[in-house]
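The next block holds one structure in the form of structure tokens; read it before the comments.
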Amino acid sequence: MSKFNLDLPEDGLFVGRVWRPERHGPALVAVRDGVLVDITSRSAPTMHDILGLEDPVQHVLSQASEPIAT
């Protein structure tokens, strides 16, 4: 697992997009308890899809995840 160092505020929901070379493409990610996790899903495969949901926060919080960096 890779290491990352971000100077983020303690409160907030942080999401983004990273390149996953082993998957040959981008992934949607969130920071959970200091761990960067892949939250890419079929139901909302892009950030545009997540932001268009009725409750994007709940979607991000409820998605299954794969840790990719600490």
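I need every pair where a residue in the stretch 45-64 that is farther than 17 Å from Gly12 by Cβ has its Cβ under 8 Å from the Cβ of a residue that is open to solvent by 80 Å² or more (accessible area, probe 1.4 Å), sequence separation at least 6 or different chains.
Asp49/Ser43
I'd like to check something: does the stretch 32-41 contain any residue that is in contact with a strand residue (DSSP E or B) (Cβ under 6 Å, 6 or more places away or on another chain) and of a type in the set (D, E, K, R)?
Within the stretch 32-41, one or more residues are in contact with a strand residue (DSSP E or B) (Cβ under 6 Å, 6 or more places away or on another chain) and of a type in the set (D, E, K, R).
Could you list, in sequence order, the residues of the stretch 18-67 that are in a loop (DSSP other than H, G, I, E, B), hydrophobic (A, V, I, L, M, F, W, C) and open to solvent by 80 Å² or more (accessible area, probe 1.4 Å)?
Across the stretch 18-67, the qualifying residue is only Ala64.
The values are calculated or read from the model by the stated rules, or taken from the named source; none is laboratory data. Quick caveat: nothing in here was measured; it's all calculated off a predicted structure. Cβ coordinates were reconstructed from backbone atoms using ideal geometry, including for glycine residues, and neighbour counts include every protein chain displayed. For the accessible areas, the whole protein counts, side chains as well, though only heavy atoms, and no ligand, DNA or RNA atoms are used. Shrake-Rupley method; radii C 1.70, N 1.55, O 1.52, S 1.80 Å.
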